[in-house]
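One structure below.
The values are calculated or read from the model by the stated rules, or taken from the named source; none is laboratory data. It should be emphasised that the depicted structure is a prediction, and the values quoted were computed from it without experimental measurement. With ideal geometry, Cβ positions are generated from the backbone for all residues, glycine too; neighbour counts draw on all protein chains shown.
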Amino acid sequence: MSVNVENLSVAYRSRRGDVTAVDNVSFSLADGEIMGLAGESGSGKSTLGNALVYLDPRMKTTGGKVSVDRRELPIADNGAMRHRRMTEVSLVPQYAMSALTPTRKIGRMISDLLKSHHVKDRAAVMTELWRRLELIGLKEDVLSKYSFELSGGMRQRVTIIMSTLLNPSLLVADEVTSALDVSSQRAVGEMLTEFRDRGYIKSAITITHDLAILAQIADSIAIMYAGRLAERAPTSVLVDSPLHPYTQALLNSLPAVGVRHDQVTLTGIPGRPPSLVNPPTGCRFRERCPFAFAKCTETPPFEEIKPGHLVACWKVSQENADLAGAGQGLPVREKV
Ligand SMILES: Nc1ncnc2c1ncn2[C@@H]1O[C@H](COP(=O)(O)OP(=O)(O)OP(=O)(O)O)[C@@H](O)[C@H]1O
C-alpha cells in the first residue's frame, strides 16, 4: 500500500469561522494506482490534494493522519514536510503552468529546484531529465527557453517533469488537463500513465471535473461531495454502475461519447451544495437527493459494498443488507 489517508479533516480559517473543506476522509492507494478525484466545484478536491503535500498558512488539519510507504507524513508541519516533498510527495497545483516564473529559463528553474532540495548528484539527475524530455517528445532545447515561449501543452508537461524528477511515491496533479486542447490533454494523460509504468511515480491522484479523461487514465475514481467522499470504485465500475445518487446525477449531467442528444436528455443536478461553514447534519446530499428518507439525517458510513467499491449512502447500505439477507449480492467486507 503506497498511500494511506485516515480520517483526514482540513479547515480554512475564515472570518465567518472555520470552513471544514475536507471532513473525515479516508482512502488508500495501492502501488501503481492512479486515482481520479472528481466532484462539483467547491467540493474540497484541491484542498484534499494540497493538504497531502503543502498546507498553506490559511489551512489547518483538524484530525487524521497520512502515511506514504508506511511512513507517517508530518502534513501539519511545513518545515518537516520540506524534506519529504519531491521525493515522497509532489504536487502540480492548479494553474501551475501559468505560474512558471516568466523571467527564468526552464533549465535555470530546474537547476534552482535541485539546489533547493540539496540534490547531490545533479549530473545524474540532469541525464535522467534529458531522457524523460525525450520520452515525452520534448527536445533538450526546451531548457533554454522561457515558459512563455512554450505552448500550453508543453508547459504542462514541463511542470509534471519538474514535479516528478526526484521520483515521488505520490504525485497530486490538480486540473493538469484543463485549459488544454484535446490532443494535449491526451499527451498529458499518457505522460502520467507512462511515468507510473516506468516507476517515476508510484501512485497519483488526478483531480479534475473531467470524468472522460479519468475514464482513460485512472484505475479508480473517488467522488467528493461537500467535503466528504461519496463513492469510490474501480473506474469501469464507477462509470458503468455508480451506486451513490450523487454520482448517478453527476454522470447523467455529462454528455456521453457517441450518444445523440435528440435521443437522450442531459439532466442537471437541481439545488446547490450546502455551505461548509455550518453544514447540515447527516448526509450532505440529502436536500438534493430524490431517494432521501428519515435515516439520512444521520451521517452514512463510507462502507465497502462490494470489493473495492465504497459508498456513503443509507439507501445503498440498506439495499445491500437486504440482498445479503436474501442470500444475494456480495458479502460486505471490512472497511479499507
Ligand atoms: N482560503 C479559503 N478560505 C475559506 N474557504 C475556502 C478557502 N479556499 C477554499 N475554501 C472553501 O473550501 C471549499 C473547498 O474548496 P476547494 O478549492 O478545495 O474545492 P474544489 O472541489 O477543488 O473546487 P474547484 O473544482 O472549483 O477547484 C469551498 O467551499 C471553498 O469555498
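Looking across L91, L8, L73, one residue alone is in contact with a strand residue (DSSP E or B) (Cβ under 6 Å, 6 or more places away or on another chain) and away from the ligand (no atom under 16 Å from the Cβ). It is L73. Checked against the criterion of being out of contact with any Ser or Thr (no Cβ under 9 Å at 6 or more places or on another chain) and under 20 Å from E304 (Cα atoms), the candidates S14, S26, S41 yield just one match: S26. Quick one: what pairs do we get from the range 184-212, first residue touching a residue at least 40 places away in the same chain (Cβ under 8 Å), second among the acidic types (D, E), C-beta under 7 Å, 6+ apart or different chains? That search, which allows pairs on different chains as well, returns K202/D31; S203/D31; S203/E33; I207/D174; I207/E175; T208/E175. Restricting attention to the range 268-286, which residues are touching a Cys at 6+ places or on another chain (Cβ under 7 Å) and either within 15 Å of the ligand (Cβ to nearest atom) or assigned to a loop (DSSP other than H, G, I, E, B) (or both)? G282, C283, listed by residue number. The numbered conditions (1) modelled with pLDDT of 90 or more; (2) closer than 23 Å to R85 by Cβ are all true for V176 except (1).
Scanning the range 29-58 for residues that are in a loop (DSSP other than H, G, I, E, B) and within 9 Å of the ligand (Cβ to nearest atom), we see that the one that is nearest to P168 (Cα to Cα) is D56.
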